[in-house]
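Working notes for the structure below.
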Amino acid sequence: MSLGFCFQSSFSANPILLFAGFESIIHEFDPWFNFRATKYLVANGFYNFWDWFDDRTWHPLGRVTGGTLYPGLMVTSGVIYHALRALTIPVDIRNVCVLLAPGFSGLTAIAAYLLTNEMTPSPSAGLLAALFMGIAPGYISRSVAGSYDNEAIAIFLLVFTFYLWIKALKQGSMLWGALCALFYGYMVASWGGYAFITCLLPLHAFVLVCMGRYSTRLYVAYTTWYALGTLASMQIPFVGFLPVKTSEHMPALGIFGFLQLLAFLDYVRSAIPSRQFQTFLWLFAGAAFGLGLLGLVIATSAGFIAPWSGRFYSLFDTGYAKIHIPIIASVSEHQPTAWPAFFFDLNMLIWLFPVGVYLCFQQLADEHVFIVVYALFGSYFAGVMVRLMLTLTPVVCIAAAIAVSALLDTYLSVKSPKPEENQAVEGAEGKKAAKSGLKATNKPVVGVYTTWGKGMIVSALAVYLLLFVLHCTWVTSNAYSSPSVVLASRLPDGSQHIIDDYREAYQWLRQNTREDAKIMSWWDYGYQIGGMADRPTLVDNNTWNNTHIATVGKAMSSSEEVSYPIMRQHEVDYVLVVFGGLLGYSGDDINKFLWMVRIAEGIWPEEVSERAFFTPRGEYRVDGEATETMKNSLMYKMSYYNYNNLFPAGQAVDRMRGARLPEVGPTLSTLEEAFTSENWIIRIYKVKDLDNLGRDHSSAAAFERGHKKKKVTKKRGPRVLRVD
Amino acid sequence: MAPKQRNAAAQTPPPSSTAPPTRAPAWTPSPPTTTPKPSLSKPTTTTTTGAGGGVQTWDKIINNVLSHYLDTTPQRTKLLDAFMVFLVAVGALQFVYCVLAGNYPFNAFLSGFAATVGQFVLTASLRIQTTEANKGDFPCVSPERAFADYVVCSLILHFFCVNFIN
Amino acid sequence: MRSLFSLFLFLFAAVVSAISASGNRLLVILEDVAEKTNYSKFLGDLESRGFQISFEVPKSESLALFHLGERSYDHIILFPTKAKGLGPNLTPNILVDFMNAQGNILVALTSDLPTPTSLVSLLAELDIQLPADRTGLVVDHFHYDALSSPDMHDVLLLPPPSATTRPDVKDFFGAGAGRDDDIIAFARGVGAVLGSSELLTPVLRAPRTAYSYNPKEQSEVVDDLFAAGEQLALVSAFQARNSARFTLVGSAEMLQDKWFDAEVSKVGEKKAVKTFNREFAKRVSGWTFNEIGVLRVNWIEHHLDEAGATNESNPKIYRIKNDVKYTISLSEYSWTTWNPFTLPGDDALQLEFSMLSPFHRLPLTLDAAHSSDSASAYSVSFRLPDQHGIFNFLVNYKRPFLSNVEEKNTVSVRHMAHNEWPRSFVISGAWPWIAGLGVTVAGWLAFCALWMYSAPVGGKRESKKTQ
């Protein structure tokens, strides 16, 4: 009953918040690709989707999309769509996609409830965990309607896989282990973050073994999970042989072997009990473990096993990516988390979290060890990468729920003399108290038997919980429910003003360009152009080819003479830039420009130099003081082309960077302005064809402007003779 | 792969003599004397002495163990053990073939080998669950349920392997 | 079928405009309309070839090359005019726009009048330089006409041009001159110097002994030589990337009636011969106005060339390592008819299969099966590279005097689909492992059967357990 309510609340809160402001629309960047892929799946069927060669992205390389994506999300929505159609409920695939995330967040709440119930006998903990899970901003960021991303279903699968794992471990049942493996396989099919499970479960097993808690149940659960789970993960084309070839998956394999050894030794020990022998066994096990590790190192260095990928290095050394793989560091989600973000995303849970972990220490059964390990592991990674906050959120919710429920169970005890008063407080608490109030805790509570004291604490907690709900609502409506393709601003009179430049520009592209006009833009907008404008792009958010991205970076950061051949070679028809100077919009391309330069410099260090974009005093400027390289770069020219005309002479100001621009704006000869959106956020340029008369573009443009060619008859120097 | 295979082989010492002989002396003297032996506290030295000195008692020990095994093991467990030995043999053959002839269709090798290993660990799990001594560890798993679980898991395993071998 | 249909279509089109491959509206700009009598034979020849000629003077109010954004004329001839400029309707920009809109221009200069600045600017854009101060005169003290200019040496006698310098160039202007003593008279003309633009080709060069000087300023002594010898182009052709043609004739006089009929005699030769000017003028104007040297791509077809496949025409997508056949049909227009295009001498027509850079560059060979009496088909079969991506079939055939052929057909080349790989049981190397899997499964089945069969044996223990 109350679980249903929790489910309902978490399910319904999000879409309502979203629809209040905007229509049913897909958010952000990645969801646009997922949406497009889902449409393809629904239109062409599963096998075509599997073999999908996408010739409208990564022009002219194309992308083997079917083999390089995690199909779980699309297949899930495809199945839901077809199931609803089979039930004669006519739905639009877009609505299925938009509402998938909230739907799955409801399932996540249930999974959190189940997992928490495995941890503590108190039923209120599970309900609280479900509630927290439903509204914690850290998770709601991925579960609002329209956030059609892999994480939307992956977090549910993550929590549910953990639940099945705990269940399998507790019962030592092969069936639960197999279920765990199947859901693990589903998780692998859905999100690259499956490696989190792949590493966490072996770690848990290893910690248990180190604590001397090896049991036959562990053996059964782990080996079943590993044997089936690995095979299941290998069925996904994108994963393929990775589970036996890359270092990320080696811990799981190592623990698998290690457990075999332990099981054998355990068998021997049970047959022949002997204390000395036991020490020998442990020694032997340790030696085998060391040997296995050595073997792994050798195999890695010899190249049998791929070394850790760059993304994983950056998990251990936050500076690594910035130096070696700028493309990873350039993603804001891959930055180390700022401290306020923890509070912003988790609010009160963040200080309840250690309490919950501490309570787990008190009992410390196998499953509590899991929570402890997960908490440590998750906290570390959440600190390293903003994006991984998502994997931390479930354990925070669970631990906090354990803590809160322990408090409530203690202070709402019916053992106290006057239960009616508590009942009054419970009224404020709602359904949670109704259940938990019936259950007395066994722990002796010394000194706080007085009703007054109990009431104080319970009401304080209730206030905290209410504040938490307020915070979550506020964060959700302000930070996470705007679709980012539509910007909202407040006019001076307080009314809301919608800035819809992105969609305006994409619509223009869709209606005014050829079907196969290639659009060059920085990769952030690739998925959106593909999804909304339906035009081929050079690079997109699936950053599989660093060189191709660097090529675009080079074209953007070089002068026109260098860029033009690159654009010709890649058959670019239009170039799209995002410019926030007029509106003061911070997410524009000039602010991202240094990343383009860095990525290009990584491939062509002789031709692109980051230093040349900084003034001698080390400043990154766009005004009159900007360096020549900066002023000549295509990106600068495209951003500020004709911008002067908006202002009185000499008054042009970039409102984003607060810079006064030089009086004479840049000139473009190889590109011509095709479209500029209402607030100048999106500017689209058409790439000119080669000059019909064989001139270079700058002289052709000069001729157009009416400059006569200089008389060349009197030119100095040796005469150039025609030789044919 | 290699350690796993060795472990798999080591998993089934009782029915056969697949256990590495170096390790055998360490524990074979133990059955008669359940009390701790001071001389065995240093395993590395005892291995050599045990191997050197116990040659004449070797047959006896093996006989001892065999008879102990035959006496105390239920018939179904023997069946399990026999199946596990069979799986070890199949797995070892595949592995040796892979080492000798290369792993060209890698997916075929992986699925063939993984099927054997997976079947082996599932069978080992079944054996653990149906052993009388471990009953305390599995309050919720009756032998019948264990077998049913086993069948389900094996079917999943076979499905994946057949699918993967293409 | 397809080719037959298109053939018919184009034959029909050819009948409709039998004169030029691109329209017959010809505008002639003269200093004075009355001057046209000087060129009556030249213009008469054009009219007899089907051109509709309009005459205008540069400063005319009614003169407009474009009407509502469309070209009003297909071709222009600009004869020398006295004015310094050509007025607001013939600015260099308008003339460039006219060429960008595929209009053809023939310009005739003379050394008697300074070239209009408008034309000088236009020529500068085309990479053609005229002598300083817009005036110049080409003289040759060894190859002058002894009859008409025994003193001034400003009527040059030249043999018809021959395309000997490049083997891949068709000889449109000098071919079939027949007699060796065919002579072109180039009277009082201006020589130009061509830049190194690949779109420019000299048609008629000055002899090695010729030079250009300014008769007004350098009549006494030639101190600063503009150009000499073969660097002086007397008649030059320019073909823009969109195949719009521009011809510069240094001497307007050579197009006049008097030189069509005149007899000339070389230095040291008593015999007077008739000039080749009339035929040469016909060929130059014919080339400029798209009557010769026009190539047309009738159709392009590519298909899968594999046994058992459907082999439909022009699919959008191929797979890596497919066998593919590509065919292109070309015709060449020659005065009145479309003829099969044959490659000159040592030249080759090549197909590129490219993504970013060519993966294949293959010579196309004549495919008689698809050729007809007005079109010739060239084809090649090849195997696609082992690389997926978006590729172009690209035929890029650009030769002097022939209109440009740049045909790009984009296809996607996809990867192997999941069910196109050989199955494991086809690969003999996989048999041991298939056997391993099979043995495992069979063993498992046997084991299960035995296990269940052996249940009663352990019955008593089982019952004990389940209690």
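Structure values in brief
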quantity: For C:Val411: the one exception among (1) touching a residue at least 40 places away in the same chain (Cβ under 8 Å); (2) more than 25 Å from the chain's Cα centre (by Cα); calculated: (2)
quantity: Search result, residues across segment C:55-68 that are assigned to a strand (DSSP E or B) and within 28 Å of the chain's Cα centre (by Cα); calculated: C:Phe66, C:His67
quantity: Matching option when the condition is more than 22 Å from the chain's Cα centre (by Cα), modelled with pLDDT under 90 and over 21 Å from A:Val64 (Cβ atoms), among A:Arg490, A:Arg510; calculated: A:Arg490
quantity: Test: residue in segment A:49-57 that is open to solvent by 40 Å² or more (accessible area, probe 1.4 Å) and either touching a helix residue (DSSP H, G or I) at 6+ places or on another chain (Cβ under 9 Å) or assigned to a helix (DSSP H, G or I) (or both); calculated: yes
quantity: Where A:Lys415 falls short, out of the listed (1) in a helix (DSSP H, G or I); (2) of a type in the set (Lys, Arg); (3) at pLDDT 55 or above; calculated: (1)
quantity: Selection status of A:Leu208, over 29 Å from the mean Cα position of the chain (by Cα) and over 16 Å from A:Thr224 (Cα atoms); calculated: yes
quantity: Sole exception among (1) modelled with pLDDT under 90; (2) of a type in the set (Gly, Ala, Ser); (3) open to solvent by less than 10 Å² (accessible area, probe 1.4 Å) for A:Gly229, by number; calculated: (1)
quantity: Some residue of segment A:643-656 being at pLDDT 90 or above, among the aromatic types (Phe, Trp, Tyr) and part of a loop (DSSP other than H, G, I, E, B); calculated: no
quantity: Test: residue in segment A:86-98 that is in a helix (DSSP H, G or I), within 20 Å of the chain's Cα centre (by Cα) and closer than 19 Å to A:Ala189 by Cβ; calculated: yes
quantity: All positions within segment A:583-611 that are aliphatic (A, V, I, L, M) and buried (at least 20 other Cβ atoms within 10 Å of the Cβ); calculated: A:Ile590, A:Met596, A:Val597, A:Ile599, A:Ala600, A:Val608
quantity: Index of the failed condition, C:Gly85 passing every other in (1) modelled with pLDDT of 85 or more; (2) more than 24 Å from C:Trp338 (Cα to Cα); calculated: (1)
quantity: Of residues in segment A:484-505 being assigned to a helix (DSSP H, G or I) and in contact (Cβ under 8 Å) with a residue 60 or more places away in the chain, the one surrounded by the most Cβ atoms within 10 Å (Cβ to Cβ); calculated: A:Ala505
quantity: Matching option when the condition is facing chain B (nearest Cβ under 10 Å) and in a helix (DSSP H, G or I), among A:Tyr186, A:Tyr163, A:Tyr219; calculated: A:Tyr219
quantity: Test: C:Tyr326 is under 26 Å from C:Leu78 (Cα atoms), at pLDDT 90 or above, assigned by TED's automatic domain parsing to the domain that holds C:Glu407 and not hydrophobic (A, V, I, L, M, F, W, C); calculated: no
quantity: Hits in segment C:218-261 - residues which are farther than 20 Å from C:Thr288 by Cα and open to solvent by less than 10 Å² (accessible area, probe 1.4 Å); calculated: C:Ala227, C:Gly229, C:Leu232
quantity: Count of segment C:179-212 residues which are away from chain A (no Cβ under 13 Å), assigned to a strand (DSSP E or B) and open to solvent by 20 Å² or more (accessible area, probe 1.4 Å); calculated: 1
quantity: Filter pass, C:Met355 being open to solvent by 20 Å² or more (accessible area, probe 1.4 Å) and more than 20 Å from the chain's Cα centre (by Cα); calculated: no
quantity: Residues that are open to solvent by 10 Å² or more (accessible area, probe 1.4 Å) and closer than 29 Å to C:Asp261 by Cα, drawn from segment C:93-129; calculated: C:Thr110, C:Ser111, C:Asp112, C:Leu113, C:Pro114
quantity: The listed residue being among the β-branched types (Val, Ile, Thr) and open to solvent by 60 Å² or more (accessible area, probe 1.4 Å), out of A:Thr667, A:Thr627; calculated: A:Thr667
quantity: Criterion violated by C:Glu291 - all others in (1) in contact with a strand residue (DSSP E or B) (Cβ under 9 Å, 6 or more places away or on another chain); (2) among the acidic types (Asp, Glu); (3) open to solvent by 10 Å² or more (accessible area, probe 1.4 Å) satisfied; calculated: (3)
quantity: Leading residue by the ranking (farthest from C:Ser149 (Cα to Cα)) among those in segment C:268-282 that are outside any helix (DSSP H, G or I) and open to solvent by less than 60 Å² (accessible area, probe 1.4 Å); calculated: C:Phe276
quantity: Tally of residues being surrounded by fewer than 22 Cβ atoms within 10 Å (Cβ to Cβ) and at pLDDT 90 or above across segment A:535-546; calculated: 0
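This table checks each residue for (1) modelled with pLDDT under 85; (2) more than 10 Å from chain B (Cβ to nearest Cβ); (3) not in a helix (DSSP H, G or I).
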| position | (1), (2), (3) |
| --- | --- |
| C:Ser379 | no, yes, yes |
| C:Leu394 | no, yes, yes |
| C:Lys408 | no, yes, yes |
| C:His418 | yes, no, yes |
| C:Val439 | no, no, no |
| C:Gly443 | no, no, no |
| C:Lys465 | yes, no, no |
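The values are calculated or read from the model by the stated rules, or taken from the named source; none is laboratory data. Model, not experiment: these values are computed from the prediction. When we count neighbours, we look across all protein chains shown, and the Cβ atoms used for this are built from the backbone with ideal geometry, even at glycine. Each accessible area value is taken on the protein alone, full model and side chains, heavy atoms only, with ligands, DNA and RNA left out. Shrake-Rupley method; radii C 1.70, N 1.55, O 1.52, S 1.80 Å.
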